[in-house]
1. Please state which of the following conditions Gln54 fails to meet, knowing it meets all the rest: (1) assigned to a loop (DSSP other than H, G, I, E, B); (2) without any contact (Cβ under 8 Å) to a residue 12 or more places away in the chain; (3) in contact with an Asp or Glu (Cβ under 8 Å, 6 or more places away or on another chain); (4) not aromatic (Phe, Trp, Tyr).
2. Check Gly59 against each of (1) surrounded by 13 or more Cβ atoms within 10 Å (Cβ to Cβ); (2) within 30 Å of Trp88 (Cα to Cα) and name the one condition it does not meet.
3. Is it true that some residue in segment 23-37 is part of a helix (DSSP H, G or I), in contact (Cβ under 8 Å) with a residue 24 or more places away in the chain and more than 16 Å from Trp73 (Cβ to Cβ)?
4. How many residues does segment 16-58 hold that are aliphatic (A, V, I, L, M), touching a Leu at 6+ places or on another chain (Cβ under 6 Å) and at pLDDT 75 or above?
5. Quick one: which residue in Trp88, Trp110 is under 23 Å from Val10 (Cα atoms) and of a type in the set (A, V, I, L, M, F, W, C)?
6. Tell me which residues, restricted to segment 61-86, are closer than 30 Å to Gly40 by Cα and not aliphatic (A, V, I, L, M).
7. Restricting attention to segment 98-110, does a residue exist that is exposed (fewer than 13 other Cβ atoms within 10 Å of the Cβ), under 29 Å from the mean Cα position of the chain (by Cα) and either farther than 30 Å from Leu7 by Cβ or among the acidic types (Asp, Glu) (or both)?
8. Pick from Arg87, Arg63, Arg94: which is of a type in the set (D, E, K, R), under 30 Å from Tyr48 (Cβ atoms) and in a helix (DSSP H, G or I)?
Amino acid sequence: MKHLKNLFFVYPQQVLLFILNTGLFLTFRWQMANLAQTTGLADFYDQYAPFWMQNMTAGSLERFQVFLETSSWAWLVASIILLILWRWLSKLLRTVFMFGLLILAGWLIWKLQLMV
C-alpha cells in the first residue's frame, strides 16, 4: 500500500489516467458484450460490418469480438505511454528553455561588459 501511495505522489497524472481509463473501458467492454448478445451481432456481422473491419478481422466474428475486447486495453497502455512521453518532453523543453535563458543572460552580460 505504501508503494502505491508513493506512485500516486510521484506520477499523479498517470495514476489518475489509469483509474479513469480503466473505469471507462470496463464499462465500454461490458456494454459492447451486452449489445452483441442482445442484438444478435453474429447474425448480422457479415451483412452490416464495414468492409475494412471485415478485412481487419478476416471476416471472423470471433476475431471481431477479440478486437473489441483488446482494443480498450491497447488504448489504455498507449495513453499511459503517451502521457509519460508528454511528461518527458515537457521536462526536456523546460531544460532547453532554461539553458536558452542562461545563454541569453550570459550573452547580455558579455555585451554589457564590452560596452563598459
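The values are calculated or read from the model by the stated rules, or taken from the named source; none is laboratory data. Note that this is a predicted model, so its numbers are computed, not measured. Methodologically, a virtual Cβ is constructed for each residue, glycine included, from the backbone with ideal geometry; neighbour enumeration extends over all protein chains shown.
1. (1)
2. (2)
3. Yes, the conditions are met somewhere in segment 23-37.
4. Residues that pass the stated criteria total 1.
5. One residue alone meets the criteria, Trp88.
6. The first filter runs over segment 61-86 and keeps only residues closer than 30 Å to Gly40 by Cα, leaving 61-76.
Of everything in segment 61-86, those that are closer than 30 Å to Gly40 by Cα and not aliphatic (A, V, I, L, M) turn out to be Glu62, Arg63, Phe64, Gln65, Phe67, Glu69, Thr70, Ser71, Ser72, Trp73, Trp75.
7. No: zero hits.
8. Working: Arg87 fails: under 30 Å from Tyr48 (Cβ atoms); Arg94 fails: under 30 Å from Tyr48 (Cβ atoms).
Checking each option against the conditions leaves just Arg63.
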